[in-house]
1. Go through 126, 107 for me and flag whichever is out of contact with any strand residue (DSSP E or B) (no Cβ under 9 Å at 6 or more places or on another chain), modelled with pLDDT under 90 and closer than 23 Å to residue 28 by Cα.
2. Assuming residue 117 fulfils every condition listed in (1) at pLDDT below 95; (2) surrounded by fewer than 15 Cβ atoms within 10 Å (Cβ to Cβ); (3) within 20 Å of the chain's Cα centre (by Cα) apart from one, which condition is it?
3. I'm trying to understand the selection: among the residues of the stretch 126-146, which are touching a residue at least 40 places away in the same chain (Cβ under 8 Å), more than 17 Å from residue 64 (Cβ to Cβ) and in contact with a helix residue (DSSP H, G or I) (Cβ under 7 Å, 6 or more places away or on another chain)?
4. Scan the stretch 44-54 for residues that are assigned to a helix (DSSP H, G or I), modelled with pLDDT under 90 and closer than 22 Å to residue 65 by Cβ and jot them down.
């Protein structure tokens with residue numbers, strides 16, 4: 001992903017519109033692909049050989065809830081949030097910058113709070129998975145496929161935290177500062 005490759009980041013990329021494009025291009029597909037891989041493995045029921053049935057069922061249940069939350073959030077970002085941000089950014093003119101009331105129509109504080117709450121739900125589910133999988137400590141006796149699945153869950157967690165970090169540290173603070181001015 002771009003911000004992990006020590007590449008120079010242009011000022012254009014750091015605009016709200018550029019960050020939306022980066023997230024949709026780099027993070028959404030990568031996270032979705034990890035979810036597909038994990039879901040495929042969990043649906044194959046091969047992991048029951050390496051962990052207890054109650055634990056495997058709980059991991060499956062929590063992961064499916066996580067997968068559902070991520071899918072719905074990505075749909076909301078792609079279909080509502082990011083188009084709103086991009087439309088606002090493209091619609092700016094000299095008059096708009098001088099009119100602070102125009103900025104309040106981008107994303108209201110309640111929408112930003114809702115986004116933060118959904119991301120917190122995703123984070124909580126990741127923490128539950130981490131706990132159930134004992135911090136992703138792979139056991140030598142596990143089958144290769146289960147080891148790969150647990151590793152993919154760890155990779156998913158890293159990707160999700162990077163995505164949330166970019167939004168929480170770069171994208172939404174820029175939008176929130178524009179709303180306040």
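The values are calculated or read from the model by the stated rules, or taken from the named source; none is laboratory data. No experiment lies behind these values; they were computed from the predicted model shown. Please note: Cβ atoms are built from the backbone with ideal geometry, for glycine as well, and neighbour counts cover all protein chains shown.
1. On the way: 126 fails: modelled with pLDDT under 90.
So the residue among 126, 107 that is out of contact with any strand residue (DSSP E or B) (no Cβ under 9 Å at 6 or more places or on another chain), modelled with pLDDT under 90 and closer than 23 Å to residue 28 by Cα is 107.
2. If we test residue 117 against (1) at pLDDT below 95; (2) surrounded by fewer than 15 Cβ atoms within 10 Å (Cβ to Cβ); (3) within 20 Å of the chain's Cα centre (by Cα), just (1) comes out false.
3. Of the stretch 126-146, the ones touching a residue at least 40 places away in the same chain (Cβ under 8 Å) are 126, 128-129, 132-133, 139, 141-143, 145-146.
From the residues that got through so far, the ones that are more than 17 Å from residue 64 (Cβ to Cβ) too are 139, 141-143, 145-146.
143, 145, 146, listed by residue number.
4. Step one: list which residues in the stretch 44-54 are assigned to a helix (DSSP H, G or I), which gives 46-49, 53-54.
Now drop any that are not modelled with pLDDT under 90, which leaves 46-49, 53.
Across the stretch 44-54, the qualifying residues are 46, 47, 48, 53.
Quick grid of which residues meet (1) over 12 Å from the mean Cα position of the chain (by Cα); (2) surrounded by fewer than 19 Cβ atoms within 10 Å (Cβ to Cβ); (3) touching a residue at least 60 places away in the same chain (Cβ under 8 Å); (4) assigned to a loop (DSSP other than H, G, I, E, B):
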{"site": "14", "(1), (2), (3), (4)": "yes, yes, yes, yes"}
{"site": "24", "(1), (2), (3), (4)": "no, yes, no, no"}
{"site": "27", "(1), (2), (3), (4)": "no, no, yes, no"}
{"site": "36", "(1), (2), (3), (4)": "yes, yes, no, no"}
{"site": "41", "(1), (2), (3), (4)": "yes, no, yes, no"}
